[in-house]
Amino acid sequence: MEKKTILTGIRPTGGLHLGHYFGATSNWVKLQDEYNTFIEIADVQALTDNFDNPDKVRKNVRVLTIDLLSVGIDPDKATIFLQSTIPEIAELTVFYSNLVTVSRLERNPTVKTEIKQKKALFGEMGESITYGFLGYPVSQAADITAFKGDLVPVGEDQLPLIEQCREIVRKFNNIYGETLVEPVAKLSDNKRLKGLDGNEKMGKSLGNALFLGDSEEEVNKKIMAALTDTNKIRKDDPANPEVCMVYYYHKLVNKDNLETVCQECKAGKRGCVACKKELIKHMNEFLKPIREKRKYYEEHPELVDEILINGSKKAREIAKETMKDVKKAIKIDYFNEKEEI
Ligand code: TRP
């Protein structure tokens, strides 16, 4: 049986943090063995709300690629490519835009939430939503279908975007004939990771994230400042580990000793400082192989570029094939491929 194709994407707006790792990328590392895997660095999508800050997007393309490689994405198994190098995605976006109403985009729950966040951040300014931003679900449908993605591994917040893509595909196939693959969302079981401050979400903009690229000193500083049970005043007060972020992260990187951590905390036999120091040790151990790989790629930037270039070339070949099928279906293949213009 032929391997199914997985397509996923990530915006280059910052480095990966533990939330990305446990929520998504560690899963991609497993999936790359089983599926024909494509990972898109979505720089064009990142520009939809960072068009006025191209330096940020540019810088993070390589940061993110190195992050992906250092957590174990293997370029021999998975194709890492850059969205802006595939003009067919932009072309498909134009054709798909006829199949989507503006009100449907405005009702997309993911877009709605993001518009709300913009309004909260920028007040009146947030009211002015660009055409490009409103349309990014259409462009994301192009990302997925250009590579004939069967499955899209995403978090829950992205489900409305996959649904929107499926609607576009159905409409396209209905009008123009069976051409595009209708993708299915592959929800990861991994839950969203809480921040160091106890916030439900770890996020760069929330200032509560531990980055895979953080140094030992940064890890040390951040964990020492992490939220613990606020009712615990003295070192030998019994406490509730379930409300403590330090215990929460012990669960991720110190599984073997978890029972002891929990019991000692509840019994007041474990001070927070000692508990944090133990977590710091385990966190640094967890990050060690990731840091080693990062160092290697940082010292070989030409290799990182080569991976991106080769991945993009490979991805483009597939997008070109899809484009041919699409043009034929829409009856704009005027010269039957005889002429390359
Ligand atoms: N919108 C996704 C995010 O913000 C990134 C993304 C771009 C994506 N293109 C994609 C995800 C295609 C899945 C499939 O995380």
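The values are calculated or read from the model by the stated rules, or taken from the named source; none is laboratory data. Source: prediction; values computed, not measured. So basically every Cβ, Gly included, is an ideal-geometry build from the backbone, and we count neighbours across all protein chains shown. All accessible areas refer to the heavy atoms of the entire protein, side chains included, with ligands and DNA or RNA removed. Shrake-Rupley method; radii C 1.70, N 1.55, O 1.52, S 1.80 Å.
Of the residues D333, D325, D305, only one is open to solvent by less than 100 Å² (accessible area, probe 1.4 Å) and assigned to a loop (DSSP other than H, G, I, E, B); which? Steps first, answer last, please.
Values: D325 fails: assigned to a loop (DSSP other than H, G, I, E, B); D305 fails: assigned to a loop (DSSP other than H, G, I, E, B).
After ruling out the rest, the residue left standing is D333.
Which one of the conditions (1) among the charged types (D, E, K, R); (2) open to solvent by 70 Å² or more (accessible area, probe 1.4 Å); (3) within 23 Å of the chain's Cα centre (by Cα); (4) modelled with pLDDT of 95 or more does D214 fail to meet, given that it meets all the rest?
Unmet for D214, out of (1) among the charged types (D, E, K, R); (2) open to solvent by 70 Å² or more (accessible area, probe 1.4 Å); (3) within 23 Å of the chain's Cα centre (by Cα); (4) modelled with pLDDT of 95 or more: (2).
Counting only residues that are among the basic types (K, R) and open to solvent by 60 Å² or more (accessible area, probe 1.4 Å), which one in the stretch 96-128 is modelled with the lowest pLDDT?
In the first step, residues of the stretch 96-128 are kept if they are among the basic types (K, R); the result is 104, 107, 112, 116, 118-119.
Next, from what is left, pick out any that are open to solvent by 60 Å² or more (accessible area, probe 1.4 Å): 107, 112, 116, 119.
Working: R107: 93, K112: 90, K116: 85, K119: 80.
Step by step, filter the stretch 96-128, then rank; the result is K119.
Could you list, in sequence order, all residues of the stretch 35-74 that are closer than 17 Å to T8 by Cα and not in a helix (DSSP H, G or I)?
Once the filter is applied, which keeps residues that are closer than 17 Å to T8 by Cα and not in a helix (DSSP H, G or I), the stretch 35-74 yields Y35, N36, T37, F38, I39, E40, I41, A42, V71, G72, I73, D74.
Just checking, does the stretch 198-220 include any residue being within 16 Å of the ligand (Cβ to nearest atom) and free of Cβ contacts under 8 Å to residues at least 60 places away in the same chain?
Of all residues in the stretch 198-220, those within 16 Å of the ligand (Cβ to nearest atom) come to 201-206, 209.
Keeping just the survivors that are free of Cβ contacts under 8 Å to residues at least 60 places away in the same chain gives 205-206.
Yes.
May I ask you to say which residue of V169, V184, V219, V152 is buried (at least 18 other Cβ atoms within 10 Å of the Cβ), in contact with a strand residue (DSSP E or B) (Cβ under 8 Å, 6 or more places away or on another chain) and at pLDDT 95 or above?
Working: V169 fails: in contact with a strand residue (DSSP E or B) (Cβ under 8 Å, 6 or more places away or on another chain); V184 fails: buried (at least 18 other Cβ atoms within 10 Å of the Cβ); V219 fails: in contact with a strand residue (DSSP E or B) (Cβ under 8 Å, 6 or more places away or on another chain).
Going through V169, V184, V219, V152 in turn, just one is buried (at least 18 other Cβ atoms within 10 Å of the Cβ), in contact with a strand residue (DSSP E or B) (Cβ under 8 Å, 6 or more places away or on another chain) and at pLDDT 95 or above: V152.
Inside the stretch 75-186, counting only helices (runs of 4 or more DSSP H) that do not spill past its ends, which hold 3 or more residues that are within 13 Å of the ligand (Cβ to nearest atom) and touching a helix residue (DSSP H, G or I) at 6+ places or on another chain (Cβ under 8 Å)? Break it down stepwise before answering.
Numbers: elements: 87-96, 102-107, 109-122, 131-134, 136-146, 159-176.
It comes to 87-96, 109-122, 136-146, 159-176.
I need the full set of residues from the stretch 249-293 which are open to solvent by 30 Å² or more (accessible area, probe 1.4 Å) and among the basic types (K, R), in order please. Break it down into steps so the answer makes sense when it comes.
Within the stretch 249-293, the first condition is being open to solvent by 30 Å² or more (accessible area, probe 1.4 Å), and the residues that meet it are 251-252, 255-260, 263-264, 266-267, 269, 272-274, 277-278, 281-282, 285-286, 288-289, 291-293.
The answer is K251, K255, K266, K269, K277, K281, K288, R291, K293.
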